[in-house]
Amino acid sequence: MKKALLVDTNFAAEPIFRALQKLEYRVVTVGARERDPLAMANKDYYHLDYSNVAELESLARRLDIDVIVPGCNDVSYAVCNEVAHKLSLPGFESPLAVSALHSKKLFRDLCSTLSIPAPKRYDSVEAAANSGGQIIVKPTDAFSGRGVEVLTAPDAKMLQQAMERSRGHSVSGTVLLEEYVEGDLYSYTAFLCEGEVVGAFHVAEFGSVNPFVVDTSFLVPAPKIERELLWSTNMMARELDIRSGLMHIQYIARDDSFWVIEPTRRCPGDLYSLLIEYSTGYPYAEAYICSFLERLLPPLHALKTRPTVRHTVTARNSGSLQALSIDTDVAITAWIPLATVGETLNPSPDGRVGVAFFSPEDELSRDALVQNLLEGTAFSLTYA
């Protein structure tokens, strides 16, 4: 039996774990959190801080693994890429391409080179202050909305203070100043074959607790700008010599315009894979791992969609969780608990209580449910 090293133990990677097992791989998981689901449930678990590339490489060599598979975070993808190149394992682009996609600054440079629409970047505090508009300050290498602030017509002092706060969330200590673009947030999750997009899904995304952290989402039809998104994705793949696998892009749309916010090559978190699977029947996690296993993608045609809403219940305040109440008649397809009674929760982007998948009868009931979720009336948390 071939061995796969899955570099993640978080709950979000469980569909990837199951997909590897389905394809008859012996799955070894690695991570530093011994209480994570894929650490506790998998007998082939190794306790290791996988951000240490040398130790991860040593483990992969010792186990004589056949494939290495990233989980649902950027660190996992970056270290897997490095180890894969050292061990000549399949499925990865060059380390430079990974940097171009995962560094917000380098990605803005790439968008400029390829004429891909993206928010305007300011290279100095003075330029941002003189713009007179809304400015978003964010770390170049953080995630889950950490260190992100939006300022309206800030002066140089306000920007400097926001940049200092933002740097505290950056591994490299660098931040980005950009125009803040108003519009609706979406993700475009596309699968590549021979360097071209062969199938994609569009998802509407919302933040009910933290505007910079997606916690509510559902599948939507292809928008008018799909051709432009397809062109942009293919251009990125061509420029970076990416031949296969996933390209997941967040973008903001307004009217017939769009702005690319950020891309990633790893599987999105919070069980995004199950949102696609419940909505269309498509085995998203299996498709994600195909490039690392050198397998053909499952067919992407003739998919039938059904209304499905994903919502991550998240704490708005700090406190000890005592109870969770649900106030909706919409059927719940699945509930994945992430916290227990008595557990101390912190506000978003931490403090996730669980992930719910709903099955509304139609789009009207879906939209009503989403409105309730965004208003915070579908769930309520009780604290001690």
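Some observations on this one:
- Some residue of the stretch 70-81 being of a type in the set (S, T, N, Q), over 16 Å from residue 245 (Cβ atoms) and buried (at least 22 other Cβ atoms within 10 Å of the Cβ): no
- Some residue of the stretch 213-226 being over 20 Å from the mean Cα position of the chain (by Cα), crowded, with 19+ Cβ neighbours inside 10 Å and of a type outside the set (Gly, Ala, Ser): yes
- Among the conditions (1) under 17 Å from residue 108 (Cα atoms); (2) out of contact with any Pro (no Cβ under 8 Å at 6 or more places or on another chain), the only one that residue 136 does not satisfy is (2).
- Restricting the stretch 208-261 to residues that are among the hydroxyl-bearing types (Ser, Thr, Tyr) and in contact with a helix residue (DSSP H, G or I) (Cβ under 8 Å, 6 or more places away or on another chain), the residue that is farthest from residue 289 (Cα to Cα): 208
- Per the listing 39, 13, 54, the residue uniquely crowded, with 20+ Cβ neighbours inside 10 Å, among the small types (Gly, Ala, Ser) and outside any loop (DSSP other than H, G, I, E, B) is 13.
- Members of the stretch 181-191 that are more than 20 Å from residue 302 (Cβ to Cβ) and surrounded by 16 or more Cβ atoms within 10 Å (Cβ to Cβ): 181, 185, 186, 187, 188
- Odd one out for residue 166 among (1) closer than 25 Å to residue 348 by Cα; (2) modelled with pLDDT under 90; (3) out of contact with any Asp or Glu (no Cβ under 6 Å at 6 or more places or on another chain): (2)
- If you go through the stretch 18-33 and keep only what is within 20 Å of residue 64 (Cβ to Cβ) and in a helix (DSSP H, G or I), you end up with 20, 21.
- 3 or more residues under 18 Å from the mean Cα position of the chain (by Cα): qualifying strands (runs of 3 or more DSSP E) within the stretch 252-334: 257-264, 309-314
- Candidate set: the stretch 162-173, residues that are part of a loop (DSSP other than H, G, I, E, B) and more than 21 Å from the chain's Cα centre (by Cα); chosen: the one farthest from residue 75 (Cα to Cα): 168
- Selected residue (criterion: farthest from residue 239 (Cα to Cα)) from residues of the stretch 113-143 that are of a type in the set (Gly, Ala, Ser) and surrounded by fewer than 17 Cβ atoms within 10 Å (Cβ to Cβ): 132
Residue by residue, here is whether (1) touching a helix residue (DSSP H, G or I) at 6+ places or on another chain (Cβ under 7 Å); (2) in contact (Cβ under 8 Å) with a residue 40 or more places away in the chain holds:
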| site | (1), (2) |
| --- | --- |
| 126 | yes, no |
| 129 | yes, no |
| 132 | no, no |
| 137 | yes, yes |
| 140 | yes, no |
| 171 | no, no |
| 175 | yes, no |
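- Only one of the listed residues (110, 106) is in a helix (DSSP H, G or I) and either surrounded by 20 or more Cβ atoms within 10 Å (Cβ to Cβ) or polar (S, T, N, Q) (or both). That residue is 110.
The values are calculated or read from the model by the stated rules, or taken from the named source; none is laboratory data. As the structure is a prediction and not an experimental result, all values here were calculated from the model. Here Cβ is always computed from backbone atoms with ideal geometry, including for glycine, and neighbour counts include all displayed protein chains.
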